[in-house]
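The values are calculated or read from the model by the stated rules, or taken from the named source; none is laboratory data. In this text the structure is predicted, and so the values were computed from the model without any measurement. In this analysis, Cβ positions are derived from the backbone assuming ideal geometry, glycine residues included, and neighbour counts consider all displayed protein chains.
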There are 2 protein chains.
Amino acid sequence: MRLTTKGRYAVTAMLDLAIHGDDGPISLADISERQGISLSYLEQLFAKLRRNELVRSVRGPGGGYQLNRAQKEINVAQVIDAVNESVDATGCGHNSSCQDGVTCLTHHLWCDLSAQIHGFLSQISLADLMARKDVQTVAQRQDRQHLSAFEDSLISAKVSA
Amino acid sequence: MRLTTKGRYAVTAMLDLAIHGDDGPISLADISERQGISLSYLEQLFAKLRRNELVRSVRGPGGGYQLNRAQKEINVAQVIDAVNESVDATGCGHNSSCQDGVTCLTHHLWCDLSAQIHGFLSQISLADLMARKDVQTVAQRQDRQHLSAFEDSLISAKVSA
DNA sequence: ATATAATTGACTAAAAAGGTTGGTTATTGC
DNA sequence: GCAATAACCAACCTTTTTAGTCAATTATAT
């Protein structure tokens, strides 16, 4: 279990999907704009989220991504694990020969701590996160901003026409 | 709260100190040899551990590092925080203006998760770690290896004399 | 004096994080 | 059929972090 900003980006994006994905797929461009994450980085993250079957994709216009399961069935640990996949070559990963072919001093220790934190995060679902007051507050502000940006683009389209 | 191999190295080194530091200071060279961590990297880590007053140093021959408090009074969270100090310029750190001057969607959320994990790790002291059976087992093996390496060096010194 | 060992600082290599560019492919609506 | 949309994909790049090297300085015990 590694905790870095990468996992946090992924959780933020998934939460955005959960908030806005009620009707139809959400494009990464929308998430990028609302959450301030670069589109290309989102693409990389969602490639992994899709491989882990946490989201499904719809191509073409009006397409985008949707949660692949109910909000209750997706937890924070799954999301973080998905984007951190295939790391762990360095240090002791799953194998217990981390120090010159033998188990290092903190091997079991770290496995335990990891498991504990993993257990903790796996009990927090996207549905739980959405229920938070602070999340709702920020989401509403973002929606207003996103909406006004959309209106602005309509106006400028009209002007240029 | 960030969880990477860096913090783990630090915890391993501190645990080594706790195990061997009963009588007199322990040199980084010893820790380096036993735990397979490069001496210079240990120096960098211990500079931070010392600044955070988790260890104290004794210079000169026979010198080294000692825990600056009782084993019970040093916990895993403190050690990890010490070596990860002064990060957080990227992403939202303590200030809540992480996304273009406003609070991002997962700000409070992440603060909470961080606090939870921090709380969890802060309840695990070096004394707790030492009490673990797996830690004791590995420590004993390392002591034997270290001792035999010491004897080997004595023999080779005698030969070259 | 000398050896030990912390302390400091500059420097380097490799990996990870984060982002860019430039495509291709599938789909929709006209 | 064609243009627009948006996923998908791969090579590439910059910055930061991790991990380690090297060399010099300083304090201290013997």
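Within this structure, B:Ile80 passes the test of being surrounded by 18 or more Cβ atoms within 10 Å (Cβ to Cβ), within 11 Å of DNA strand D (Cβ to nearest atom), among the hydrophobic types (A, V, I, L, M, F, W, C) and modelled with pLDDT of 90 or more.
Yes or no: the stretch B:121-130 includes at least one residue that is of a type outside the set (Asp, Glu), facing another protein chain (nearest Cβ under 7 Å), touching a helix residue (DSSP H, G or I) at 6+ places or on another chain (Cβ under 8 Å) and without any contact (Cβ under 8 Å) to a residue 12 or more places away in the chain. No, every residue in the stretch B:121-130 fails to be of a type outside the set (Asp, Glu), facing another protein chain (nearest Cβ under 7 Å), touching a helix residue (DSSP H, G or I) at 6+ places or on another chain (Cβ under 8 Å) and without any contact (Cβ under 8 Å) to a residue 12 or more places away in the chain.
For the criterion of being within 11 Å of A:Met14 (Cβ to Cβ) and not β-branched (Val, Ile, Thr), A:Leu67 passes.
The residue of the stretch A:4-31 that is farthest from the other protein chains (Cβ to nearest Cβ), among those that are more than 9 Å from DNA strand D (Cβ to nearest atom) and of a type in the set (Gly, Ala, Ser), is A:Gly24. Go through the stretch B:48-63 and give me each residue that's within 11 Å of DNA strand D (Cβ to nearest atom) and farther than 13 Å from B:Met14 by Cβ. Of everything in the stretch B:48-63, those that are within 11 Å of DNA strand D (Cβ to nearest atom) and farther than 13 Å from B:Met14 by Cβ turn out to be B:Ser57, B:Val58, B:Arg59, B:Gly60, B:Pro61, B:Gly62, B:Gly63.
Within this structure, B:Gly36 fails the test of being out of contact with any His (no Cβ under 9 Å at 6 or more places or on another chain), more than 14 Å from chain A (Cβ to nearest Cβ), at positive phi and at pLDDT below 90. Taking (1) in contact with a Lys or Arg (Cβ under 8 Å, 6 or more places away or on another chain); (2) within 13 Å of DNA strand C (Cβ to nearest atom); (3) outside any helix (DSSP H, G or I) in turn, A:Gly24 satisfies each apart from (1). With respect to the conditions (1) surrounded by 13 or more Cβ atoms within 10 Å (Cβ to Cβ); (2) within 14 Å of another protein chain (Cβ to nearest Cβ); (3) under 17 Å from B:Thr106 (Cβ atoms), A:Met1 falls short on a single one, namely (3).
Yes or no, residue by residue, for (1) more than 10 Å from DNA strand C (Cβ to nearest atom); (2) in contact with a helix residue (DSSP H, G or I) (Cβ under 6 Å, 6 or more places away or on another chain):
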{"site": "A:Ser40", "(1), (2)": "no, no"}
{"site": "A:Arg50", "(1), (2)": "yes, no"}
{"site": "A:Arg59", "(1), (2)": "no, no"}
{"site": "A:Gln66", "(1), (2)": "yes, no"}
{"site": "A:Lys72", "(1), (2)": "yes, yes"}
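Among the residues of the stretch A:27-38 satisfying the criterion of being under 26 Å from A:Lys133 (Cβ atoms) and either hydrophobic (A, V, I, L, M, F, W, C) or outside any loop (DSSP other than H, G, I, E, B) (or both), which is nearest to DNA strand C (Cβ to nearest atom)? That would be A:Ile37. Evaluated against (1) crowded, with 22+ Cβ neighbours inside 10 Å; (2) under 11 Å from the mean Cα position of the chain (by Cα), B:Lys48 falls short on exactly one condition, (1).
Residue selection: A:Arg34 satisfies the criterion of being surrounded by 22 or more Cβ atoms within 10 Å (Cβ to Cβ), farther than 13 Å from A:Ala82 by Cα and of a type outside the set (A, V, I, L, M).
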